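Written out below as structure tokens is the structure these notes cover.
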Amino acid sequence: MSLFTEIKNHESAVTTIYIDSKGIPTIGVGFNLREEKVLEAILEQFNYSTTSLSEADFNTLKLSLETIFRREWTESNKDDRIKEVNEVLKIYQADEKRLDNSIPEETFAFPDDTSSMEAVFNDILPTYQKLAIDGLDNNLDGDRVAAQAVFDGLSDTRKAVLISLTFNGGSPMVGPGISKALKDKNWAEAYYQIAYSSNSNTVNGEKVRINGLHNRRLKEASAMIEGISIDDKQKLYEKLYEKRAEITKYIDELQADKTNNVYEPITKARRDELFAALNDQMTTLAAELAAENIEVTAYTFKSAIDDSGNPGDGGSGDNGSGDN
């Protein structure tokens with residue numbers, strides 16, 4: 001399976017511009033339109049390049065689009081922003097601007113097939129691989145050789161996870177916890193770090209954990225533990241049990257995706273759904289371990305917020321009492 005296919009497992013392949021959970025105009029498999037290298041690669045696929053335009057015109061086009069993409073994008077102004085993009089593109093569709101016979105796209109939209117997206121992905125892949133290795137390097141005592149070795153030693157699935165993270169937030173997404181876990185091949189720790197410690201935005205000086213981004217982090221984290229051994233499954237169960245208080249707090253603090261620049265707590269139904277999925281995961285792991293005669297402490301996660309929205313008693317262990 002190619003890295004592009006792996007990335008599609010974490011990202012939906014969207015042919016037109018959408019706004020991600022951080023309010024960033026995005027297209028394809030998470031291509032951040034505020035990133036210069038991404039924008040250049042997409043423009044080339046859409047037949048706007050220094051082959052089809054003069055260098056001066058290309059640079060002016062890119063600067064004009066960068067200005068639009070760096071403005072605030074919301075669902076309410078998205079259509080107007082796209083019209084602005086189209087007006088800029090229209091200038092460089094004129095025959096007097098074109099240096100060849102290529103036919104430019106009239107708007108930012110990929111064909112329904114993903115071949116053009118994959119071409120863009122392959123073009124920018126070295127940039128995001130470098131960012132992933134930079135993240136490892138920054139957290140492994142500046143040892144570039146060791147960082148490269150850690151990255152090279154990962155499966156394509158796990159490499160795709162790191163690239164997905166750097167797509168989303170650059171090299172800082174590969175933080176010290178993830179870096180150490182990967183160096184140690186501690187897949188349980190890597191799972192926890194990605195699923196429950198890699199989702200926060202700062203809004204008005206406070207951390208906000210976003211529901212939509214949590215879905216992505218779970219996909220990435222789950223890819224890290226594909227095909228792990230029974231020993232690693234035991235470590236994963238024990239890690240989730242060890243971090244039960246932190247995980248409960250994390251889910252309870254999740255915020256719904258931004259609407260009109262305002263975040264609100266997720267609904268009770270959504271919290272119940274997330275805790276149910278987590279408990280299914282714990283049950284499956286416990287059953288797999290029991291089949292190998294490995295005993296673990298039974299535990300059921302539940303929200304620390306009661307039905308009225310007040311603090312409750314958290315999860316329960318064997319005796320059904322609160323354990324947080």
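How large is log10 I(q)/I(0) at q = 0.10, 0.11, 0.12, 0.15 Å⁻¹ when the Debye formula is applied to the Cα atoms of the chain, each weighted equally and without solvent? Ignoring solvent entirely, the Cα scatterers give -0.67, -0.79, -0.91, -1.25. Averaging the sequence gap over all C-alpha pairs within less than 8 Å and six or more residues apart, then dividing by the number of residues, gives the chain a relative contact order of 14 percent.
Using a simple spin-label model with pseudo-atoms 7 Å out from Cα toward Cβ, residue 228 and residue 291 lie 1.7 nm apart. Judged by the ratio a/c of the largest to the smallest principal axis of the C-alpha gyration tensor, segment 3-97 counts as oblate, that ratio being 1.5 or greater while a/b is no larger than b/c.
Calculate, for residue 279 and residue 200, the FRET efficiency according to 1/(1 + (r/R0)^6) with r their C-beta to C-beta distance and R0 25 Å; round to the nearest 0.05. Approximately 0.55, to the nearest 0.05.
Only helices reaching 30 angstrom along their own axis (Cα) with mean Kyte-Doolittle hydropathy no lower than -1.0 count here, and for the DSSP H runs of the chain these are 115-139, 268-290. For the options 300, 248, 67, a Gaussian network treatment of the chain with springs between C-alpha atoms closer than 10 Å singles out 67 as fluctuating the most. Tell me the label-point distance for the pair residue 66, residue 109, using the 7 Å Cα-to-Cβ offset, in nm and rounded to one decimal. Placing both labels 7 Å beyond Cα along the Cβ direction yields 2.8 nm. Classify segment 131-170 as rounded, prolate or oblate from the Cα gyration tensor: take a ≥ b ≥ c as the square roots of its eigenvalues, call it rounded if a/c is under 1.5, otherwise prolate when a/b beats b/c and oblate if not. Taking the square roots of the gyration eigenvalues as a ≥ b ≥ c, segment 131-170 is oblate. For residue 159, the lysines whose Cα falls under 24 Å of its own Cα, not counting residues fewer than eight places away in the same chain, are 8, 22, 37, 130, 180, 183, 185, 219, 233, 235, 239.
Between residue 84 and residue 144, the simple label model (points 7 Å from Cα in the Cβ direction) yields a spacing of 3.9 nm. Segment residue 208..residue 262, full-extension length gain: 18.3 nm, with 0.36 nm per residue of separation and the alpha-carbon distance subtracted.
Quick one: putting +1 on the C-beta of Lys and Arg, -1 on the C-beta of Asp and Glu, what dipole do you get for segment 3-97 around its Cα centre, in Debye to the nearest 20? Spell out each step's value before the answer.
On the way: 12 positive and 18 negative charges, 40 e Å.
Roughly 200 debye for segment 3-97.
Taking the empirical scaling 2.2 N^0.38 Å for compact globular proteins as reference, segment 23-177 has a Cα radius of gyration ratio of 1.18.
Electrostatic bookkeeping for residue 160 treats Lys and Arg as +1 and Asp and Glu as -1; over the other residues with beta carbon under 12 Å from its beta carbon, the sum is -1. When peptides 263-274, 35-46 are ranked by their average number of other Cβ atoms within 10 Å per residue, the highest-first order is 35-46, 263-274.
For residue 17, no residue whose modelled amide H falls within less than 5 Å of its own remains once neighbours fewer than 5 places apart on the same chain are excluded. Centroid-to-centroid, using Cα positions, segment 180-251 and segment 124-169 are 18 Å apart.
Throughout, read-outs are computed from the coordinates displayed, never taken from laboratory work. The structure displayed is predicted, hence computed values, not measured ones. Every residue, glycine as well, gets a Cβ built from its backbone with ideal geometry; the counts of neighbours run over all protein chains shown.
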